[in-house]
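Structure first, commentary second.
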Amino acid sequence: MFNLKANLSTVLVTSIAAISFSAVSASADTTYTVKSGDTLSKIAKNFNTSVDSLAQENKISNVNLIYTGDQLTVDGTEATQTLTSSQSSQAAVETTTPATTSTTTTSTTTTPSSAATTNVSSYSTTSGGSSALLRREIESGNNYSTFTGNGYLGAYQFSASTWAAGVAAVGGSTSDFSAAHQDAVANWYANSRYGGWQNVPTTGGW
C-alpha cells in the first residue's frame, strides 16, 4: 500500500508539471515570416486569430498590404489552447505518446532574393484576373528602372499625376522609386480604380 501511494503521488506531480508547462507555452508569441501568396486573412486563419488582432499586434495600417519576408508577431494563445488541453489529458493518464504539434510550428521558409521587390497583396487575385507581375510585364517588361523620358514612370508606367496621388495615399516620397514603393502605389491604384487586381485589364493600358 505504501508503494502504491508513492506511485500515485509521482503521477500527480508529473501531471501538474505538464499542465503548468503547457500553460506557459500557450501564452508565448510566434514569429511568422510572410511567404509569397500570403494575406493577413490567410495567416490569421492558420493561427486561429483575427486580421484585426494581427494588424494591431504588428502596427499594420493597411491590412491589404504586406510584404514577403516581413516578420509578423502572432499571439499564440488561441492557436495553442487545443494543444494544451490534449497534453494535459495525456499527462493525467501517464500516456507516453506526445501530442502532434505540427500545427504550431514556426515557419522557417527562406526568403527569396526578389522578396524586397514583391508586394504580396498584389498577387492576391482571382482566377483569370490580372496581377502586378502581368501589369509590369505589359508596361515595362517587368523593369522597375524604366524611365524613357516619355512622361511615364517605372515598372507600371504611371503618369506623373497618378504617381503623386499614389504616393500621397500610401506615404513616402515622390522621388522614391524603389521596387517596394512602386508596388505599393500600384496596389493602391488597382484597388482604388478597379476594386482589386482581378478587375484590372489583362491587355493594353490601365
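The values are calculated or read from the model by the stated rules, or taken from the named source; none is laboratory data. Keep in mind it's a predicted model, so treat the numbers as computed, not measured. Only protein heavy atoms, including side chains, enter the accessible area calculation; ligands, DNA and RNA are left aside. Shrake-Rupley method; radii C 1.70, N 1.55, O 1.52, S 1.80 Å.
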### Task
Write down the accessible area per residue of segment 30-80 in Å², having rolled a 1.4 Å probe over the full set of protein chains.
53 Å²
### Message
How much accessible area per residue does segment 128-206 have, counting only protein heavy atoms and a probe of 1.4 Å, in square angstrom?
### Response
44 Å²
